[in-house]
Amino acid sequence: DRQTLVAVLQFLRRSNLRESEEILRREARLLGDDLGGSAATVASSSPGVAAVAAVPPGKGGARAGAAGSPPGAGGRPLPTGPLGTWGGAVPPAASGSLHDAGAQGSVSGVVVEDQPDVSAVLSAYNQQGDPTLYEEYYSGLKHFIECSLDCHRAELSQLFYPLFVHMYLELVYNQHESEAKSFFERFHGDQECYYQDDLRVLSSLTKKEHMKGNETMLDFRTSKFVLRISRDSYQLLKRHLQEKQNNQIWNIVQEHLYIDIFDGMPRSKQQIDAMVGSLAGEAKREANKAKVFFGLLKEPEFDVPLDDEDEEGENEEGKPKKKKPKKDSVGSKSKKQDPNAPPQNRIPLPELKDSDKLDKVMNMKEAARRVRLGPECLPSICFYTFLNAYQGLTAVDITDDSSMIVGGFADSTVRVWSVTPKKLRSVKTAADLSLIDKESDDVLERIMDEKTASELKILYGHSGPVYGTSFSPDRNYLLSCSEDGTVRLWSLQTFTCLVGYKGHNYPVWDTQFSPYGYYFVSGGHDRVARLWATDHYQPLRIFAGHLADVTCTRFHPNSNYIATGSADRTIRLWDVLNGNCVRIFTGHKGPIHSLAFSPNGRFLATGATDGRVLLWDIGHGLMVGELKGHTDTVYALRFSRDGEILASGSMDNTVRLWDAVKAFEDLETDDFTTATGHINLPENSQDLLLGTYMTKSTPVVHLHFTRRNLLLAAGAYSSQ
């Protein structure tokens, strides 16, 4: 293939791209020697990872040049997707060769703006192959895969969907509309049921013009679809395509797919089914290798004043004193540092104020009276039903001490209720405050204006439906985010808006305060999550990488990480310190709508429109369980205070309780599993289901365990 190489080098010299030319010379010499005459070898340093990028044979110099140099043909920068540099930026050496993923990283150091240039992206679908033969190519491959051995069939079937999409788009782009239509009609029924929504969008792209500016289209083009296949299955496929001279399919595999090859047994159908279904295939195994500090931070130490009556009252179980149970519930973390915890000062956290300490003391007293839950001892559930909300309730939150509940509504109001006999009061006006004796003992009581006392306060300010609400841990502030693109911070002392944070240009779907206050996170339709601090009007971090709306956001209990769920059907874990994505979890078959971390920080539970609740081990980056039972979107997830029970609430009008201890015990996380991602989920999750509780006709929007482990649920009655 020397001629192609020479042509490319000449082209680069003509375009004054000296650096690229040098790089290509170095690479070619290095690879040229290795490859000799053989068609393709994997030059892979990391075990079994091969980034597939090569020039379709016989395309001559110009096409190769376009893919060859990072700055691209004629000096125009190559597009980069949200996930880094576009697949074409590896210099082509021998046609059909596989480059090491490492080589890709070194060359494609060109980072261009976030949104790829559509026309540049589309030009990759230049005319290739005879349009009338596409159906033949595809059915040939289909026949080959369906006739292969059972152990390989499941793995190779993963190719059907991405190949189907790319072949269809190629036909449309090259204006073979009738061929495209018959190709779609003939094969779209064979795709897995969880791709239905994507196929619906695809079926509407019938002309070349439709492809410009279409988001789905761009996602598919700019992020390589990731397939995880064992080496044996991969060799089988490669041999078949090369024998058949089926260049068309081989080109698409090389150009648009990322095949993550592992050594070992091929995976079974259910192992694959559990993990696939997201917009860009599975996560590369590399994506979940980074170290995550999932442990909890050390609790600050201070003495707990004891009330006399408590001391007598609580000793029937032979507990020594008030202070101890709290220590147990944190797992005696207060004394020694958790080995998996981040350093205390890894990210700056706010100082504890006196009021916070007081609250912690109250919390410990409550914790002493906490009910130990388990299969034998299920929590009582108290359901708050919003009546006459006319389908307008869009968000709910409850304070940690369960004293207030807030609702966000479609009419753009935020309503705060007191759930205790104590009414909500505002601070007096400045003129009245100046008359108060600041030295008096009950000064905090005196500054409150009795005339304003009421059970409900309505906060006006947003100009669109309010999709997310979150109380600060100290109950002084409330966050709300809305369709109007802003996040607002409200004072619960004056019940007025303090700040409007503008950063998202589109609807903001969710927001949440850090467990330590001060920081908060928001996620929206613009596909990014933002980290804010209450005293900065611009975001501190922007977490970009999802391929669709960020639908829900959650802080890890140690506040060093943020989990985001997205409509691209993946969950990502982000490091607050540097903004890196440290975990990508795939497996849901619909947009994610709820996230919950276990109290010990080791596990994450996620719920989605597919009605499944998936459980993840954060440290190992693996799926460890699947809870089936809900028949509609899971909108609420919460672990009990000590993590024994997971409660899930859904649009199917039920609350379900699951045995979290049993779900997480004796997990098989040996090295092999972590290396290959072979997960073995227990066959049925019914043994984990402890109870199902129906409401009359109220979808469950929010769940909350009180400090004593009473479960509070909330939703709006719907009269259908």
Distance in nm between pseudo-label sites at V371 and R346 (7 Å out along the Cβ direction from Cα): 3.5
For the range 573-625, the per residue accessible area (1.4 Å probe, Å²) is 20
So for R0 = 45 Å, FRET eff. of R25-L681 from the Cβ-Cβ r, to 0.05, ends up at 0.35
Quick one: net charge of T394's neighbours, Cβ under 14 Å, K/R +1, D/E -1? -4
Tell me the net charge near E177. Cut-off is 10 Å between Cβ atoms, E177 excluded, with +1 for each Lys or Arg and -1 for each Asp or Glu. +2
Cβ-defined net charge surrounding Y234, 11 Å radius [Lys, Arg +1; Asp, Glu -1]: 0
Taking the dipole about the Cα centre of the range 472-579, with the C-beta of Lys and Arg at +1 and of Asp and Glu at -1, give me whichever of Y518, Y561, L531 is farthest to the positive side. Y561
Classified through the alpha carbon gyration tensor (a ≥ b ≥ c as square roots of its eigenvalues; rounded if a/c is under 1.5, else prolate when a/b is larger than b/c, else oblate), the range 511-562 comes out oblate
What does the extension gain come out to for R231 and K207, with contour length at 0.36 nm per residue minus their alpha carbon separation? 4.8 nm
With 22 Å as the limit, write out which pairs from K181/K284; K298/K360; K269/K589; K360/K502; K284/K662 have Cα-Cα distances beyond it, or answer none. K181/K284; K360/K502; K284/K662
Near-label residues of the range 703-720 by backbone N, under 20 Å of a point 7 Å along Cα→Cβ of Y390: 715-720
Decide, for the range 469-519, between rounded, prolate and oblate: order the square roots of the alpha carbon gyration tensor eigenvalues as a ≥ b ≥ c, take rounded if a/c falls under 1.5, and otherwise choose prolate if a/b is larger than b/c, else oblate. oblate
Once you order the gyration tensor axes a ≥ b ≥ c over the Cα atoms, which shape class does the range 403-446 get: rounded for a/c under 1.5, otherwise prolate or oblate by comparing a/b with b/c? oblate
So, with points 7 Å from each Cα along the Cβ direction, the Q196-E135 label distance in nm works out to 2.6
Let's see if you can work this out: charge +1 on each Lys and Arg Cβ, -1 on each Asp and Glu Cβ, no other charges. What is the dipole magnitude of the range 541-638 about its Cα centre, in debye to the nearest 20? 120
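The values are calculated or read from the model by the stated rules, or taken from the named source; none is laboratory data. On a predicted model such as this, the values are computed, not experimentally measured, just so you know. Because the Cβ atoms are built from the backbone with ideal geometry, glycine has one as well, and the counts that use them run over all protein chains shown. We work out accessible area using only protein heavy atoms, side chains counted, and drop any ligands, DNA or RNA first. Shrake-Rupley method; radii C 1.70, N 1.55, O 1.52, S 1.80 Å.
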